[in-house]
Every structure is written in C-alpha cells, then in structure tokens.
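Novice: This is the structure I have questions about; it appears just below.
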Amino acid sequence: MKSQRAYAEHVIECIRRIGKDSAVGRDAVFASRTLQDAIVRNLQVLCESTQRIGEIHKKRTPRSTGDL
C-alpha cells in the first residue's frame, strides 16, 4: 500500500502531465487522438489516486479553485 503522500504526489504529477500535454492549445489537442488519449488516461489515473487518499488527509489540505 502506498503512503498518502505518494498518492498526493501522483495526483500532482498527473496534473503536471495534463498541463504539459494540453499546452499546445485546444486545436492541437482536438487534432491529435494521441494527445487526447494521454490526457484522458492521466485524468483516469488522477481520479484513481484521489480515491485512495484518506478523508482525513483531504480535509486537512485546503482546496484551491483558482489555480486550475
């Protein structure tokens, strides 16, 4: 079983990858099935990791809505 920190770091890494993959712009993403698949896969992994972070840890960390 991974530590809570490892799951949080995994979420951050997925966000970084999604940002990098989508930095080419909307039109480029929609034109590339490979980029779309990469972004969707990272979203899936991100969601899986967030589900494994315990509720106590989620409540401890403030949420930021302006950064995304």
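Novice: Of all residues in segment 45-60, which are surrounded by 11 or more Cβ atoms within 10 Å (Cβ to Cβ) and of a type in the set (Gly, Ala, Ser)? Lay out the reasoning, then the answer.
Specialist: Our first condition is that a residue be surrounded by 11 or more Cβ atoms within 10 Å (Cβ to Cβ); within segment 45-60, this holds for 45-50, 52-53, 57-58.
Correct list: SER49 only.
Novice: Please go through segment 14-54 and pick out each residue that is part of a helix (DSSP H, G or I), β-branched (Val, Ile, Thr) and either free of Cβ contacts under 8 Å to residues at least 24 places away in the same chain or farther than 25 Å from GLN4 by Cα (or both).
Specialist: Going through segment 14-54, the residues part of a helix (DSSP H, G or I) turn out to be 14-22, 26-31, 33-52.
Restricting the remaining residues to those that are β-branched (Val, Ile, Thr) gives 15, 18, 29, 34, 39-40, 45, 50.
Once the filter is applied, which keeps residues that are part of a helix (DSSP H, G or I), β-branched (Val, Ile, Thr) and either free of Cβ contacts under 8 Å to residues at least 24 places away in the same chain or farther than 25 Å from GLN4 by Cα (or both), segment 14-54 yields VAL29, THR34, ILE39, VAL40.
For (1) out of contact with any Phe, Trp or Tyr (no Cβ under 9 Å at 6 or more places or on another chain); (2) surrounded by fewer than 17 Cβ atoms within 10 Å (Cβ to Cβ); (3) of a type in the set (S, T, N, Q); (4) modelled with pLDDT under 95, each residue gets a yes or a no:
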{"position": "LYS2", "(1), (2), (3), (4)": "yes, yes, no, yes"}
{"position": "CYS14", "(1), (2), (3), (4)": "yes, no, no, no"}
{"position": "SER22", "(1), (2), (3), (4)": "yes, yes, yes, no"}
{"position": "ARG26", "(1), (2), (3), (4)": "yes, yes, no, no"}
{"position": "PHE30", "(1), (2), (3), (4)": "yes, yes, no, no"}
{"position": "ARG33", "(1), (2), (3), (4)": "yes, yes, no, no"}
{"position": "GLN36", "(1), (2), (3), (4)": "no, yes, yes, no"}
{"position": "LEU43", "(1), (2), (3), (4)": "yes, yes, no, no"}
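The values are calculated or read from the model by the stated rules, or taken from the named source; none is laboratory data. Just so it is clear, the structure is predicted and the values come from calculations on it, not from any experiment. Ideal geometry is used to build each Cβ from the backbone, glycine not excepted, and the neighbour counts take in all protein chains shown.
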